[in-house]
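Here's the structure we're looking at; comments come further down.
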Amino acid sequence: MVVGRESRSKYSTHIIAVEEVEVPTCMTENSADDEQESMTTKPLLNDDHDCFSAKGGFRTMPFILANEAFAQVASYGLQPSMILYLTREYHLNMATGSNTIFLWSAATNLMPLLGAIVADSFLGRFRMILFGCVISLLGMALLWLTRLTSIGFGGITSSSIAFGADQLQKAGGHNNGRVLESYFSWYYALSTISVLIAYTCIVYAQESLGWQVGFGIPVMLMLLSTLSFSLASHLYVKLKAKSSLIVEMLQVAVASYRKRHIELSTERSKLLCHHHRGPSICLPSEKLRFLNKACIIIDPEKDLTTDGKAADPWSLCTVNQVEDLKSILRVIPLWSTGMIMSVSSSQGSFSVLQAKSMNRKFGPNFEMPAGSCSMFAVVGAVLWIPFYLQIILPVASRILGRPVHLSTRKRMGIGISLSFVGMIVAATVEVKRRSLAIREGYSDDSDAVVDMSLLWLLPQSFLTGAGATANIVAQNEFYYSEFPRSMSSISSTLSLLGMSAANLVASFLMNAIDELSKLGGKESWISTNINKGHYDYYYWVLAGLSVPNMIYFLICSKAYGPGKEDKKETTFHEQDD
């Protein structure tokens, strides 16, 4: 047990001097987040009517998920055929066209982080999603104003998944961790199904009915998205925004730098920390210990005002502020491990060119558009969810004789491994396709169709899609469990930020390989003429990069140590015993 004593009566609720050495690490939810949560989720009686008991829960899921589904179909319907459009209509070579798409994707995936900052710091998640829906609707109504559309999509994506998790925060009781795991998995599954519909129906409408109809459908879908979300406004749990979240992060960095010369005592009993109002005693954790200087009180008379607040917030921060920043910094190494996997899964342009040169006929009258081959990876992503939840876990539980639950970090590792295998399969299939094209005399004809079925692309696409799903779903769940609830929107966009960074890495990598492979007047590995290039070599490079990335992931996971998820799981098993 931790015993606290008051340093001075007027500072008693803000200064904690701990007399015992063994103390728990600081749980950021214990103060500000708990206050916010209690205001939002606890019943508030007004004239014998419980105003809040009906809010949140599973009844809100259809509205939130429908909003996300319509928005995904509308937004992704324009992407699959883009490489063909750029190479045919604008006569760009493969490297330039792919670079354009990489940079556009990087910008699109970056917007949700900006939206998350606005949601968590100013507007709140509900208002951010509604704002994103309206802006996306306006952008699509104005047709090809891509940047406006990107802002709107960023507003929806930044807050939607965290907003849904807010509704289920109390629905699962002691089994809430399992409820959230299923929610994150099925949310991602629905998102990928939406992308699948976009890659098939919307692409078909664009090619068969023209661009006017192809743009009109997304406009109607965004209108439905906006309506479906706003209709259930009275049912949602709406957490208030933490108005100075980003500023508080900066304050910790500045305060710890200003106090860089002070020595931190190794005896925790001597620490005097600035603390939020609240019933619990809390000290900063030992991780990233140099940041603890930001919350250490040197002289209460100078550092605090008469009501116990920091006299200079840029010199003295609370324990919670320090722990919030630590929670972000600690996940960065693990977050970075997903980038190479995202580089591998972002090679859709190469698959489209491969598909264009393969037999895409199914029956006498139907030929699949080359751009729709991207749906194979989406199918793999969708199938992974039920395969994991309904087959892997039940079979493992039956074999071991106890409920089996794979931690988020284990599932992240599985995703990286599946992506690695997918690149090996992709390289092998391309070797076969290219050899067949040369053997049939199509070396100089990139528009020729070889006698090889499009279905050969299924295995690599399934593995890549399943790997991305396993990793990204686990990432979102991991960040959500490790971050305080006030940062939930930011936590749900970190995986998208990783994709944005991966697009930039992919662009740099492709440019480097393009230039190096052309040395000596040779044909580039990623030549626009796929039969003269060596896309198989490019896939082998990606597979080779995946090996050190897997080792790096294992090191980062071990260095992170036990997280909040592990502690909750241990407590849950102890209660069962």
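The values are calculated or read from the model by the stated rules, or taken from the named source; none is laboratory data. Since the model is a prediction, treat every value here as computed from it, not as a measurement. Because the Cβ atoms are built from the backbone with ideal geometry, glycine has one as well, and the counts that use them run over all protein chains shown. Surface areas here come from the heavy atoms of the whole protein model, side chains and all, with no ligands, DNA or RNA. Shrake-Rupley method; radii C 1.70, N 1.55, O 1.52, S 1.80 Å.
Worth pointing out:
Here's the yes/no breakdown for (1) within 20 Å of the chain's Cα centre (by Cα); (2) open to solvent by 10 Å² or more (accessible area, probe 1.4 Å):
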| position | (1), (2) |
| --- | --- |
| Arg485 | yes, yes |
| Ser488 | yes, no |
| Leu497 | yes, yes |
| Leu504 | yes, yes |
| Ile526 | no, no |
| Asn529 | no, yes |
| Lys532 | no, yes |
| Leu542 | no, no |
| Pro562 | no, yes |
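- Number of the condition not met by Glu430 [criteria: (1) of a type in the set (Asp, Glu); (2) loosely packed, with under 13 Cβ neighbours inside 10 Å; (3) at pLDDT 90 or above]: (2)
- Of all the numbered requirements in (1) among the aliphatic types (A, V, I, L, M); (2) within 17 Å of the chain's Cα centre (by Cα); (3) at pLDDT below 75, Leu209 misses one, and that requirement is (2).
- Top-ranked residue in the range 506-524 [being in contact (Cβ under 8 Å) with a residue 12 or more places away in the chain and part of a helix (DSSP H, G or I); ranked as surrounded by the fewest Cβ atoms within 10 Å (Cβ to Cβ)]: Asn511
- The range 77-97 - residue that is out of contact with any Leu (no Cβ under 9 Å at 6 or more places or on another chain) and modelled with pLDDT of 70 or more and, of those, most open to solvent (accessible area, probe 1.4 Å): His91
- Val254 β-branched (Val, Ile, Thr), open to solvent by less than 60 Å² (accessible area, probe 1.4 Å) and modelled with pLDDT of 90 or more: yes
- Taking each residue of the range 308-323 that is free of Cβ contacts under 8 Å to residues at least 24 places away in the same chain and looking for partners that are open to solvent by 20 Å² or more (accessible area, probe 1.4 Å) and assigned to a helix (DSSP H, G or I) with beta-carbon atoms closer than 9 Å, six or more apart or interchain, yields Ala311/Lys302; Ala311/Asp303; Asp312/Asp303.
- Criterion violated by Gly371 - all others in (1) touching a Pro at 6+ places or on another chain (Cβ under 6 Å); (2) open to solvent by 10 Å² or more (accessible area, probe 1.4 Å); (3) farther than 23 Å from His534 by Cβ satisfied: (2)
- Pairs where the first residue, in the range 533-545, is touching a residue at least 60 places away in the same chain (Cβ under 8 Å) and on the phi < 0 side of the Ramachandran plot and the second is open to solvent by 10 Å² or more (accessible area, probe 1.4 Å) and of a type in the set (Val, Ile, Thr), C-beta under 7 Å, 6+ apart: Asp536/Val431; Tyr538/Ile513; Ala543/Ile424; Leu545/Ile340
- Residues in the range 394-406 that are surrounded by 15 or more Cβ atoms within 10 Å (Cβ to Cβ) and either assigned to a helix (DSSP H, G or I) or of a type in the set (Lys, Arg) (or both): none.
- The combined condition, being open to solvent by 10 Å² or more (accessible area, probe 1.4 Å), in contact (Cβ under 8 Å) with a residue 40 or more places away in the chain, of a type in the set (Ser, Thr, Tyr) and assigned to a helix (DSSP H, G or I), is fulfilled by Ser461.
- Total residues in the range 350-382 satisfying the condition of being part of a helix (DSSP H, G or I) and touching a Ser or Thr at 6+ places or on another chain (Cβ under 9 Å): the figure is 19.
- Only one of the listed residues (Arg409, Arg439) is basic (Lys, Arg) and open to solvent by 30 Å² or more (accessible area, probe 1.4 Å). That residue is Arg439.
- Scanning the range 257-308 for residues that are modelled with pLDDT under 85, touching a helix residue (DSSP H, G or I) at 6+ places or on another chain (Cβ under 6 Å) and open to solvent by less than 20 Å² (accessible area, probe 1.4 Å) turns up Cys273, His274, His275, Cys282, Pro284, Gly308.
- Hits in the range 412-427 (condition: among the hydroxyl-bearing types (Ser, Thr, Tyr) and open to solvent by 30 Å² or more (accessible area, probe 1.4 Å)): Ser417
- Of all the listed residues (Ile328, Ile340, Ile332), the sole one being on the phi < 0 side of the Ramachandran plot, open to solvent by 10 Å² or more (accessible area, probe 1.4 Å), outside any loop (DSSP other than H, G, I, E, B) and without any contact (Cβ under 8 Å) to a residue 12 or more places away in the chain is Ile332.
- Flag if Met339 is within 29 Å of Gly561 (Cα to Cα), touching a Gly at 6+ places or on another chain (Cβ under 6 Å) and hydrophobic (A, V, I, L, M, F, W, C): yes
- Considering the range 374-393, the residues that are open to solvent by 30 Å² or more (accessible area, probe 1.4 Å) and aromatic (Phe, Trp, Tyr) include one that is farthest from Tyr188 (Cα to Cα), namely Phe387.
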